[in-house]
Structures are given as C-alpha cells and as structure tokens.
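Okay, structure first, notes after.
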C-alpha cells in the first residue's frame, strides 16, 4: 500500500487521498471461502472424474465366407502294444515308415510261449486219445455215462489250453492293424515289453482332417457336407474338402466347438500338425452388418474376460460391458454379444476405468 501512495503527488486534494485509501482497504479485506469453492467448482472438473475420449460404435459387413485358423490332424491314430510280456527280439520299422495293413512291426522272444504250446499240444493229443477210447467203451457198455462226460470235459479243457497257448505265440508278433505312418517307435531290441505298454504310434493319413475351433455364436451356421477351401501355407496350395464332423459338445472354458473338414491326401503330403486356414461359406442371409470395434479398445481382464467401456446416455459415467468376440475382419474385430451399434465406446483412458466411474468426455 505504501508503495502505491509514494507515486501520489503531495499536493493532491484530501478527498482524492481518502478515496484511494478506502479503495485499498476494500481490496485487502479477507476473501470469502464459500465464494472461492463455488468458483473452483465451475472452473475445474469434478473430483474423481477421468478424462476420456469416445467414438460411435462402428459396424462391418459380414463376408459371405468365414475364415478360421486350424491344424491338420490324422484321420485315425492308434497306439500299438504287445498283449503278452517278453523281451523284444526284433524291431522292423522306424519312425516315418509307411506300412501296410498286417505288416510285421516287431516280435518278442517266443521260446517260453513255444514251449508252453508244445506242452499244451501234447496234453491235447493225450486227452483226445482218452476221449476216443471212452466213446468206444461207452458204446460197448463198459463205461458209465458219468465217466464219458468226464472224458469229454477233459478234452474240452485241453483244447482251450492249446488255443490260449497258440494265441500267446501269435501275440509275440506285433502287426499293423491298418495302413499308415509310424509316428513314434517306443521299443528297441533287447528291452522288456509289458502287456499294454505302447510300442508304436500309427497314424492313418490317406485322408486327413483340417480341424478348427468355432465360437458358440457361429456354430449354428455350420452344416455337415459343406464344401470348404483349406489353405496349407507349408505346401503353398489349397485343398478342397467337406465338413465331416461338428462336435456337439462345447469346450466348457471357451464355449467353442470343434469342427473337422475331411481332406484327401494324395502323396501323403499333408502331415499332422501343419497349420491350415479354413474358408467356410456362410448360409444365405448371413452377409449382414455386425458390430465391430478396433481390437485395442477391448480390455482383457485377469480372468480372461473381454470387456469394453461405454459412456452412459448422459456422458457422465463409464459402464463396463462384457463382450463376446467374433472373427477379425480387416483391422476390426466383430463383437458378437454385449455391445450395440448406437452406443459410444470409450477409446482413450479405458485402462483406468471401473464400472460406474465418473468421466468427463473431451474432444
């Protein structure tokens, strides 16, 4: 205040000095706290608000065909094992070998089983002779019916024992039940083979499946017998097949279904494990607009749920929406459930939001 007065000429009238002093006093009185609070509330956003940007939810036209990523798998797979125990004598095939139905793959040392068979055959011959004499004696009324029955039963037991012994000898040879490829060889000469323990894995690849996973919301479009184009990048060519299997039971975690397309495999070039891209035509009327968003607008939560945040109608709060995602189309992902085309999706700042969070939309 004194710095202000030192610029006033001393000769100024008294009334002017009084007026200046009065004005300075008015300016220096305490500020009202309520007035400041009200002014601040008008000039700054509300407490806890998060600034966000929004955009209208877009739509995309569903194509006439739907593409799914998949893999090639064998038409049939079997783990082959010996049904009797023993030491492996020979292994005649290697992994990757093509084998025909009935081809010998490996054999066990059969001396023990051959000896048992020889003993069973000898016993069988003896009981046959005994049964034949019993029949003659019974015909001559020199043998009771009870003794004849006992002789006949003994022959039947000997025949059963011989059959088992012959099967044990035959089981020392392991043969391919169908034509295919040896995918795994799990035995070597000299090792002990236990009954039922896998010795080989045989895969049937004259035909193969292209397997893909289809979301729950799209499985209703699939039909058995539908013609499908299957691109196999490893071979650089497409194959024509048909939908053969639609698994009727969904995976409990992903709520998706398994679909298989049967493909011919001339030259056996299609191998299990190869990546494939399945282009499946959709039924008529499915090429309609669908809700779609940019993938970066979807928040993946710790439990695996996919969520987006939208602004409420007034634009004051954020609403959490759990969504079901469909296929990717161009640079967008289809939202099959949980989002409407007329809503405003939050496109910036959504990582800091929770359901009901106060927001302030900026442009």
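For residue 146, the requirement of being in the same structural domain as residue 84 (by TED's automatic domain parsing), loosely packed, with under 12 Cβ neighbours inside 10 Å, part of a helix (DSSP H, G or I) and modelled with pLDDT under 95 is met. Among the residues of segment 74-85, are any assigned to a loop (DSSP other than H, G, I, E, B), touching a strand residue (DSSP E or B) at 6+ places or on another chain (Cβ under 9 Å) and closer than 30 Å to residue 267 by Cβ? For segment 74-85, residues assigned to a loop (DSSP other than H, G, I, E, B), touching a strand residue (DSSP E or B) at 6+ places or on another chain (Cβ under 9 Å) and closer than 30 Å to residue 267 by Cβ: absent.
Annotation: of all residues in segment 306-334 being outside any strand (DSSP E or B) and at pLDDT below 80, the one that is surrounded by the most Cβ atoms within 10 Å (Cβ to Cβ) is 331. Whenever a residue of segment 348-363 is more than 17 Å from residue 55 (Cα to Cα), its partners that are surrounded by fewer than 12 Cβ atoms within 10 Å (Cβ to Cβ), lying with C-beta atoms within less than 7 angstrom and at least six residues away or across chains, give the pairs 358/46; 358/48.
Here residue 219 meets the list (1) assigned to a helix (DSSP H, G or I); (2) closer than 27 Å to residue 118 by Cβ almost entirely, failing just condition (2).
For residue 230, the stated conditions hold: it is within 20 Å of residue 75 (Cβ to Cβ) and surrounded by 15 or more Cβ atoms within 10 Å (Cβ to Cβ). The residues in segment 99-115 that are farther than 18 Å from residue 88 by Cα and surrounded by 15 or more Cβ atoms within 10 Å (Cβ to Cβ) can be counted, and the count is 1.
Got a number for residues in segment 233-261 being in a strand (DSSP E or B) and either surrounded by fewer than 16 Cβ atoms within 10 Å (Cβ to Cβ) or free of Cβ contacts under 8 Å to residues at least 40 places away in the same chain (or both)? Reasoning before the result, please.
Residues of segment 233-261 that are in a strand (DSSP E or B), as a first pass: 237-246, 256-261.
Keeping just the survivors that are either surrounded by fewer than 16 Cβ atoms within 10 Å (Cβ to Cβ) or free of Cβ contacts under 8 Å to residues at least 40 places away in the same chain (or both) gives 237-246.
The qualifying residues number 10.
Checking each residue in segment 277-298 for being farther than 23 Å from residue 211 by Cα, buried (at least 16 other Cβ atoms within 10 Å of the Cβ) and at pLDDT 80 or above picks out 291, 292, 293, 297, 298.
Residues in segment 106-134 that are in a helix (DSSP H, G or I) and closer than 30 Å to residue 198 by Cβ were compared, and the one that is farthest from the chain's Cα centre (by Cα) is 120.
The values are calculated or read from the model by the stated rules, or taken from the named source; none is laboratory data. On a predicted model such as this, the values are computed, not experimentally measured, just so you know. Quick reminder, even Gly has a Cβ in these numbers, built from the backbone with ideal geometry, and neighbours come from all protein chains shown.
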